[in-house]
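First comes the structure, then the notes that go with it.
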Amino acid sequence: MRPQRPVRVGVMGCAEFALRRMLPAMAGSPDIELAAVASRRPAAAREVAARFGGSPVGGYERLLDFPGLDAVYIPLPNALHAEWVLRALDAGRHVLAEKPLTTGAGLTREAVRRAEGRGLALVENFLFVHHPQHARVRRLLRDEIGELRQMSAAFAIPPRPADDIRHRPDLGGGALLDVGVYPLKAAQHFLGTGLAVVGAALRQGPTGVDVEGSVLLRRADGVCAQLSFGMEHAYTSRYELWGTRGRITVDRAFTPPADHRPDVTVERDGAVRGIALPAADQCAAAVAAFAAAVRDPESCRAAAGRSADLARLTDDVRAAARAAGHITAAVAPPGPAG
């Protein structure tokens, strides 16, 4: 059998995350050829292309016309995702976009509709779902802890500099879209789609973006998920699944480095044991999965549907917090005494 040629990918923008994680994985993948790197700053495109390969391109519009391009990777700020995802699909390019796919459920549904109508792969880049530790947890959930009763998950990061794009409302910043979508995705991953938001609370920072939040979700059978997230916190990345016979805990759940050896904790019948798992590169796995989706777009249809459901869930979190009056504005620190 003749080997398949690599998928020719163009990169739209030179985001720090792309430089640190995705482009090294793409450059090292036999399934991917980095064909072009686009930036609105030509010098940045030249620098990144020199490091990782491909031709530098000045401007995102020109990238969509680049000859022989199969797919586009979009690591732009959140508020720019929808425009360029839709334009890339309209140009006949498969799309890998950083999470969230767009900033709203309606836009995400439209992107999914266009991808399906054009026979194109549309993939939202949640790396953690490709780590094998979660498949092992699924088996433990089935075999070890009985009937699932409740889930909890948390993802939080330390404060970022004041000029970080996460603090900019105009660029789709805020903790919900940056880190809150991880525990939401984890809940969807283990509890399924169609989850309802029972309650939510968000706290805004001084720039008007949400900086932390808490969410309670409910599945139709009554199983609930308690989720927390924030970007002014000590680093936390974990989830727990509680059943009728025991509990599973996973630390470093969402962003483990490639050399991290996961240790899943199982508590059952009063005994606690750790299950050591081999290290795995979830970024390389995500790149390979995208290449497979480009070669068989039908294989990612269900995942695209889950992306639409996640966008609906994210919108519902905001709506629930607003309806309950649980969006707390920033409070100025107290002045000097006296």
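Descriptive notes on the structure:
- Matching residues in the range 123-172 - criterion: being free of Cβ contacts under 8 Å to residues at least 40 places away in the same chain and within 30 Å of Leu86 (Cβ to Cβ): Asp163, Asp164
- With respect to being over 26 Å from Ala175 (Cβ atoms) and either of a type in the set (Gly, Ala, Ser) or in a helix (DSSP H, G or I) (or both), Ala18 falls outside the description.
- Matching residues, the range 208-239, being over 19 Å from the mean Cα position of the chain (by Cα) and either farther than 29 Å from Ala324 by Cβ or part of a strand (DSSP E or B) (or both): Leu216, Arg218, Cys224
- Whichever residue in the range 109-156 is over 18 Å from Asp296 (Cα atoms) and of a type in the set (Lys, Arg) and, among such residues, is surrounded by the fewest Cβ atoms within 10 Å (Cβ to Cβ): Arg139
- The single condition among (1) among the basic types (Lys, Arg); (2) in a helix (DSSP H, G or I); (3) surrounded by fewer than 17 Cβ atoms within 10 Å (Cβ to Cβ) that Lys185 does not meet is (3).
- Residue check for Arg160: more than 20 Å from Met22 (Cβ to Cβ), open to solvent by 10 Å² or more (accessible area, probe 1.4 Å) and either part of a loop (DSSP other than H, G, I, E, B) or not hydrophobic (A, V, I, L, M, F, W, C) (or both): no
- Single match in Ala286, Ala291, Ala303 (criterion: under 27 Å from Asp70 (Cα atoms) and touching a Pro at 6+ places or on another chain (Cβ under 8 Å)): Ala291
- Pairs with Cβ under 8 Å, 6+ apart, first in the range 213-239 and within 15 Å of Leu184 (Cα to Cα), second at pLDDT below 95 and surrounded by fewer than 17 Cβ atoms within 10 Å (Cβ to Cβ): none
- Filter pass, Leu76 being in contact (Cβ under 8 Å) with a residue 12 or more places away in the chain, under 14 Å from the mean Cα position of the chain (by Cα), surrounded by 23 or more Cβ atoms within 10 Å (Cβ to Cβ) and over 21 Å from Pro257 (Cβ atoms): no
- Residue within the range 280-289 that is small (Gly, Ala, Ser), outside any strand (DSSP E or B) and without any contact (Cβ under 8 Å) to a residue 40 or more places away in the chain present: no
- Some residue of the range 294-306 being assigned to a helix (DSSP H, G or I) and within 18 Å of Leu176 (Cα to Cα): yes
- Only listed residue being of a type outside the set (S, T, N, Q) and open to solvent by 10 Å² or more (accessible area, probe 1.4 Å), chosen from Pro262, Pro297: Pro297
- With respect to the conditions (1) open to solvent by 60 Å² or more (accessible area, probe 1.4 Å); (2) of a type outside the set (Ser, Thr, Tyr); (3) closer than 23 Å to Ile145 by Cβ; (4) touching an Asp or Glu at 6+ places or on another chain (Cβ under 9 Å), Arg203 lacks only one, and its number is (3).
- Output for the range 89-99, where each listed residue is open to solvent by less than 10 Å² (accessible area, probe 1.4 Å) and touching a residue at least 60 places away in the same chain (Cβ under 8 Å): Leu96
- Just one residue in the set Gly146, Gly106 is over 22 Å from Arg40 (Cα atoms) and assigned to a loop (DSSP other than H, G, I, E, B); that residue is Gly146.
- Residue that is surrounded by the fewest Cβ atoms within 10 Å (Cβ to Cβ) [pool: residues in the range 23-51 that are touching a strand residue (DSSP E or B) at 6+ places or on another chain (Cβ under 7 Å) and touching a residue at least 40 places away in the same chain (Cβ under 8 Å)]: Asp31
- Taking (1) farther than 21 Å from Gln188 by Cβ; (2) out of contact with any Leu (no Cβ under 8 Å at 6 or more places or on another chain) in turn, Arg261 satisfies each apart from (2).
- Pairs with Cβ under 7 Å, 6+ apart, first in the range 317-338 and aliphatic (A, V, I, L, M), second modelled with pLDDT of 75 or more and open to solvent by 70 Å² or more (accessible area, probe 1.4 Å): Ala330/Pro206
The values are calculated or read from the model by the stated rules, or taken from the named source; none is laboratory data. In this text the structure is predicted, and so the values were computed from the model without any measurement. Backbone-built Cβ (ideal geometry, glycine too); neighbour counts: all protein chains shown. These area figures cover heavy atoms from the full protein model, side chains too; ligands, DNA and RNA do not enter into them. Shrake-Rupley method; radii C 1.70, N 1.55, O 1.52, S 1.80 Å.
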